[in-house]
1. For a quick protection proxy, order the peptides 151-160, 2-11 by their average other-Cβ count within 10 Å, most packed first.
2. With the Cα gyration tensor of segment 86-170 in hand, convert its eigenvalues to equivalent ellipsoid semi-axes via √(5λ) and list them largest first in whole Å.
3. Between ALA167 and SER209, what is the FRET efficiency for a Förster distance of 51 Å, r being their Cβ-Cβ separation, to the nearest 0.05?
4. Per residue, how much accessible area does segment 199-247 have with a 1.4 Å probe, in Å²?
Amino acid sequence: MVRIRVLVVDDHRIFAESLAAALAAEPDVEVSAAGSGPAALRCLERAVAEGRRFDVLLVDADLGTTASALNGTRPAVPVQDGNAEGLVDGISLVAGVRSGQPAVRTVVLAEKDDPRRAALALQAGACGWVAKDCSLSRLLTVIRGVLREETHLPPALLTGVLRELTAARKHRTESERLVESLTPREREVLRCMVAGLGRKAVAERLFLSPHTVRTHMQNVLGKLGVHSTLAAVALARRAGVGPVDLTGDVVERGGQLA
């Protein structure tokens with residue numbers, strides 16, 4: 001029998017343990033649970049190292065927004081807690097898993113239907129959005145469906161999600177047009193801004209004077225039509241501009257960025 005390996009990620013301990021135990025009763029399902037985003041990432045990494053990758057991730061839409069709680073009983077399936085190394089919200093976890101382990105299918109579990117957040121989840125790489133009060137049989141249908149490359153959304157959410165995705169595409173197209181107006185040097189400065197680098201750090205990285213970097217940053221803001229670094233970074237992300245790679249060095253050849 002081919003077993004489906006599922007990881008439940010929810011910081012409501014009782015819910016996570018109950019759902020994990022219910023899924024574990026299925027003969028073809030093997031389930032684990034994590035109580036935070038960092039704990040989920042550790043589970044995924046350990047599974048890869050052991051050659052036992054997870055197939056499906058069930059992620060709480062509100063992950064990281066509430067403190068975990070545990071009643072005093074021993075859980076049927078142990079839930080691994082996160083620690084002080086930082087919180088990871090549900091949508092960010094979906095995006096991280098999609099980037100690092102694209103074969104893992106993610107399904108978001110939500111307290112209520114929210115077209116905007118459902119659209120964000122799909123854009124991040126989720127394959128489904130399911131209400132937490134759905135039946136176990138419905139959830140199992142979704143789990144098996146996403147493994148067949150299906151996308152699952154509640155019918156009541158379809159119109160709203162399509163509207164949100166259409167609006168997002170329009171904003172992304174406009175953002176891409178504005179970014180394309182930047183020179184190669186300005187685009188590299190923008191990527192440094194996306195990475196969170198300040199003026200001095202950008203100057204050191206690109207071998208420029210702080211005054212020159214300031215001029216480039218002002219030009220970037222002007223061409224993008226925004227008034228702050230934060231707004232420029234938000235627009236850049238909509239356009240698909242990622243941060244500069246901080247692990248490597250910027251190399252210049254003949255006065256041009258390599």
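1. 2-11, 151-160
2. Working: eigenvalues 65, 61, 33 Å².
After diagonalising the Cα gyration tensor, the semi-axes are 18, 17, 13 Å.
3. Working: r = 41 Å, r/R0 = 0.80.
In this case the efficiency is close to 0.80.
4. On the way: 2950 Å² over 49 residues.
It amounts to 60 Å² per residue over segment 199-247.
The values are calculated or read from the model by the stated rules, or taken from the named source; none is laboratory data. The structure presented is a predicted model; accordingly, all values stated were derived computationally and were not measured. Every residue, glycine among them, receives a Cβ derived from its backbone with ideal geometry; neighbour counts consider all protein chains shown. Accessible surface areas use protein heavy atoms only, side chains included; no ligands, DNA or RNA. Shrake-Rupley method; radii C 1.70, N 1.55, O 1.52, S 1.80 Å.
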